Amino acid sequence: MVRRVMSLLLALSLSVVALLGVAPAAVAASGYEKGPDPTRASIEAAAGPFAVSTTTVSRSTARTFGGGTVYYPTDASIGTVGAVAISPGYTARQSSIAWLGPRIASQGFVVITIDTLSVYDKPAARGSQLRAALTWLTTSSTVKDRIDPTRLAVAGHSMGGGGALEAVKANPSLKAAVPLTPWNTDTTWPEVTTPTLIVGAQKDDVAPPTRHARLFYTSIPKTTPKEYLELRGASHYAPTSVNSTNPTVAGATISWLKRFVDGDTRYSQFLCPAPAVGMTFNDVRSTCPF
């Protein structure tokens, strides 16, 4: 009798899983979760749950990239964390994307915002320097022991965004990429298998999405987890300066990194279903569910 009841309960639970379309493994904890359960307010806040410290990397110390700033959670008791390298765009310096450093680090990551060897470096060179920065972080930095070298990601603005695509093309083991209003002469990326979030801007006249961001997204294989968010009415520089789009860009970036660097499914709610087209987004595309 007991065996029959147990069998019935098992069959019922499997039926519920099937109806929900969720496999048991999909909701299992990854073991890398950091911080309290997220909310829309928490992912868009100016600071996350962890205090952040910074350290400067000189150009002479970096050598393989142009130096930068490392942001990391002060509390070492949270254990090892994933790491993210972020590149600025053409002629820009790290100050243009510096606002993302402490914002992402306060959610439980080590982040390095880099300067490039030359402000005129093209996307391929920026991709190489993003990878070099991650290597430096995990082998030579003062916080190397705080980083899980198997959980690394890249991001960047403009040519830095194009560089992020170059980086994951060269190193598919990277866990996530976030190109922000990206620019690259190469518009096809069938080699990309790394989960990629692309943020475009409707009124981008430097890297118009019809010639850059949308083409990049479309060319990435459908088998690769990917999402495209096009900011309504925004310019090429929307992801760089402190402005009204910051919470949106930060929330999407943090959710993507949490989901794919940490495997933290608590953040899936902000990615799947994909946001609707409306006041915030002019165009949205996704391979959700991930």
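Nothing in this text is a laboratory measurement; each read-out follows from the coordinates by a stated rule. As the structure is a prediction and not an experimental result, all values here were calculated from the model. Note that each Cβ is placed from the backbone with ideal geometry, even for glycine, and that neighbours are counted across all protein chains shown.
Quick notes on this one:
- Among Ala83, Ala274, Ala155, the largest mean-square fluctuation in a Gaussian network model of the chain (Cα springs under 10 Å) belongs to Ala274.
- Residues whose placed amide H lies under 5 Å from that of Ala201, excluding near-sequence neighbours: Leu231
- Rounded to whole Hz, the Karplus (6.51, -1.76, 1.60) HN-Hα couplings of segment 111-128, x for glycine and proline: 10, 10, 9, 10, 9, 9, 4, 9, 5, 9, 4, 7, x, 4, 5, 5, x, 4
- Listed values [x] 58, 48, 36; [y] 104, 72, 32; [z] 75, 43, 34 include one computed from this model; for Cα extents along the principal axes in Å that value carries the label [z].
- In this structure, Arg63 and Thr280 have a Cβ-Cβ separation that, at R0 = 45 Å, corresponds to a calculated FRET efficiency of about 0.65.
- Cross-link pairs beyond the 21 Å C-alpha cut-off, checked among Lys175/Lys203; Lys144/Lys169; Lys144/Lys226; Lys169/Lys226; Lys175/Lys226; Lys175/Lys258: Lys175/Lys203; Lys144/Lys169; Lys144/Lys226
- Potential lengthening between Thr139 and Lys222 on full extension [0.36 nm per residue; Cα-Cα distance subtracted]: 26.5 nm
- With both residues required to sit in segment 41-286, DSSP beta bridges show an antiparallel share near 40%.
- Charging the Cβ of each Asp and Glu at -1 and of each Lys and Arg at +1, and nothing else, the dipole of the chain about its Cα centre rounds to 340 debye.
- Reachable aspartates and glutamates from Lys222, criterion Cα separation under 12 angstrom, eight or more residues apart if same chain: Glu191
- Loop-located trypsin sites (Lys or Arg not before Pro) in segment 60-165 (DSSP state other than H, G, I, E, B) with a sparse environment of at most 14 neighbouring Cβ atoms within 10 Å: Arg63.
- Long-range HN-HN contacts of Gly82 with modeled amide H, under 5 Å: Val110, Asp148
- Per-residue 3J(HN,Hα) values for segment 210-218, derived from phi via the Karplus relation 6.51 cos²θ - 1.76 cosθ + 1.60 with θ = phi - 60°, read 5, 10, 9, 3, 5, 5, 4, 4, 4 Hz in sequence order (x marks Gly and Pro).
- Anchor Lys34: aspartates and glutamates whose Cα lies under 16 Å away (excluding residues fewer than 8 positions away in-chain): Asp75, Asp148, Asp262, Asp264
- Sequence-distant aspartates and glutamates (8 or more away, or on other chains) whose Cα lies within less than 14 Å of Lys122: Glu166, Asp186
- Karplus-based coupling profile of segment 132-137, in residue order and whole Hz: 5, 5, 5, 4, 4, 4, with θ = phi - 60° in 6.51 cos²θ - 1.76 cosθ + 1.60 and x standing for Gly or Pro.
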